[in-house]
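The values are calculated or read from the model by the stated rules, or taken from the named source; none is laboratory data. This one's a predicted model, so the numbers in the text were calculated from it and none came from an experiment. Note: ideal-geometry Cβ built from the backbone for every residue, glycine included; neighbour counts use all protein chains shown. What goes into the accessible areas is simple: the full protein's heavy atoms, side chains included, and nothing from ligands, DNA or RNA. Shrake-Rupley method; radii C 1.70, N 1.55, O 1.52, S 1.80 Å.
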Amino acid sequence: MTGALDFENLVTLHYAGLYRFALSLTHDESTAADLTQQTFYIWAAKGHQLQDRTKAKSWLYTTLHREFLAGQRRQTRFPHHDLMAVSNELPSVDPPS
């Protein structure tokens, strides 16, 4: 599998399954779509390193799962908070005069 045509075939063959897998992990359609797209982006950058092309499917699923776990770790380390909800916890800073 080399070239644009083979990449298109890979996407055609595995996109739906990868998306369903991502959706089962994230329970959010847009996050699942982003995760699936990120997986194919990584394949475009690093897929040439895979020597046995028959293992492309397992490589894609493993990569998607690792990206999901990395996102979960990132979210745990750096949680998102609504600014209005935590405004009372922010220090007050006076503007310079």
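Could you put Thr12, Thr26, Thr39 in order of accessible surface area, largest first, with the 1.4 Å probe and the full protein assembly present?
The most accessible residue leads, giving Thr12, Thr26, Thr39.
Taking every pair of distinct Cα atoms and averaging 1/r, then inverting, what Kirkwood hydrodynamic radius in Å comes out for the chain? Don't skip to the end; give the middle numbers.
On the way: mean 1/r = 0.0633 Å⁻¹.
After inverting the mean inverse Cα-Cα distance, the result is 15.8 Å.
Suppose R0 equals 22 Å; then what is the FRET efficiency for Asp82 and Leu23 from their Cβ-Cβ distance, rounded to the nearest 0.05?
The computed FRET efficiency comes out at 0.30.
How do Glu67, Glu8 stack up against each other in accessible area, from largest to smallest, with a 1.4 angstrom probe?
Glu8, Glu67
Please work out how much length the chain gains when fully extended from Ser92 to Asp52, using 0.36 nm per residue of separation minus the C-alpha to C-alpha distance, in nm with one decimal.
8.6 nm
Quick one: among Asp34, Asp82, Asp52, which has the greatest mean-square fluctuation in a GNM of the chain with alpha-carbon springs under 10 angstrom?
Residue with maximal mean-square fluctuation among Asp34, Asp82, Asp52: Asp82.
Rank Leu50, Leu35, Leu60 by mean-square fluctuation in a GNM of the chain with C-alpha springs under 10 angstrom and give only the top-ranked residue.
Largest GNM mean-square fluctuation: Leu50.
Of Phe40, Phe7, which has the most accessible area with a 1.4 Å probe, and how do the rest follow in descending order? Before the final figure, lay out the partial values.
On the way: Phe40 15, Phe7 70 Å².
Reading off the accessible areas and sorting them downward yields Phe7, Phe40.
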